[in-house]
Amino acid sequence: MTTSAGRPSRRLLVTAGIAGGLTMVAGTSAAAAGSREHDDGPRADRRGRERRNTAAVLRAFERQNAGGDIYEILHDDVRWTIVNGRTYLSKAEFLAEGSAPILDRLASTLVMTIRDLWADDDTVIIRFDGDATAIDGIAYHNEYCWVWRLRGGRVVRCHAFLDMIAVRELVDRVELP
C-alpha cells in the first residue's frame with residue numbers, strides 16, 4: 001500500500017512494525033521452547049500458566065469494553081515501553097504520562113477489539129483495534145499490539161506497538177477541557 005505521493009501508507013508501516021516485532025518474539029520463544037526438557041510436569045505447569053494468563057487478559061479487555069479500566073491488571077511496578085517512544089517505570093507514571101494524553105481526549109470508552117491473541121508461558125501477545133469518539137466528535141482509531149509478561153495475574157512488563165501518528169494527530173487536534 002502506498003499513498004498518492006508514492007510513500008508507504010501508515011497502515012502498512014504499522015503492520016510491518018508489528019509483524020517484525022512478533023516475528024522476533026515468536027522466534028525467540030520457539031528457540032527457547034526447543035531447549036526445554038520434555039517432562040509432563042513442567043509442560044502441564046506451563047499450560048496451566050498460559051490458561052490463567054489468557055483468562056486474566058481476556059477479563060481485563062472485557063472490563064475495559066464494559067466501561068471499566070483495563071489497567072487494573074497492571075502491577076504497581078510495571079515497566080511499560082512504547083516501542084519507538086519511551087519507557088515508564090511504574091503504573092502511576094504510565095497512567096499519568098502515557099495513557100492519559102490519549103484517554104483524556106476521548107468522549108467515549110476506548111473499545112478494544114482483539115484480533116489475535118497468543119500465549120507462551122508467562123507472556124501474552126494481544127493484537128487489537130482501539131476505537132472511540134474524541135471530545136471533538138471525530139472518530140479515533142488505532143491498531144495496537146501489546147506484549148505482556150504476567151506474574152501472579154498482573155502485568156509486570158509491556159512492550160506496546162501502536163500508531164504514534166494517530167496519537168499525535170489526536171493530541172494536536174483535541175485540546176483538553
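No value in this document is a laboratory result; all are computed from the given coordinates. The structure displayed is predicted, hence computed values, not measured ones. So basically every Cβ, Gly included, is an ideal-geometry build from the backbone, and we count neighbours across all protein chains shown.
Summary table
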| item | result |
| --- | --- |
| Qualifying residue in the stretch 97-113 (condition: free of Cβ contacts under 8 Å to residues at least 60 places away in the same chain, under 30 Å from Asp45 (Cβ atoms) and in contact with a helix residue (DSSP H, G or I) (Cβ under 6 Å, 6 or more places away or on another chain)) | yes |
| Leading residue by the ranking (nearest to Leu74 (Cα to Cα)) among those in the stretch 130-173 that are exposed (fewer than 14 other Cβ atoms within 10 Å of the Cβ) and acidic (Asp, Glu) | Asp172 |
| Filter pass, Ile126 being surrounded by 14 or more Cβ atoms within 10 Å (Cβ to Cβ), over 30 Å from Glu175 (Cβ atoms), touching a Phe, Trp or Tyr at 6+ places or on another chain (Cβ under 9 Å) and in contact (Cβ under 8 Å) with a residue 24 or more places away in the chain | yes |
| Near pairs, Cβ below 6 angstrom, 6+ apart or cross-chain, from the stretch 141-160 (farther than 15 Å from Lys91 by Cβ) to any residue that is in a strand (DSSP E or B) and among the charged types (D, E, K, R) | His141/Asp131; Glu143/Asp129; Cys145/Arg127 |
| Failed item, numbered, when Ala55 is tested on (1) within 17 Å of the chain's Cα centre (by Cα); (2) in a loop (DSSP other than H, G, I, E, B) | (2) |
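A quick yes/no check of all residues on (1) closer than 30 Å to Ala44 by Cα; (2) among the aliphatic types (A, V, I, L, M):
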position: Arg115; (1), (2): yes, no
position: Asp131; (1), (2): no, no
position: Gly137; (1), (2): no, no
position: Gly153; (1), (2): yes, no
position: Ala166; (1), (2): no, yes
position: Leu170; (1), (2): no, yes
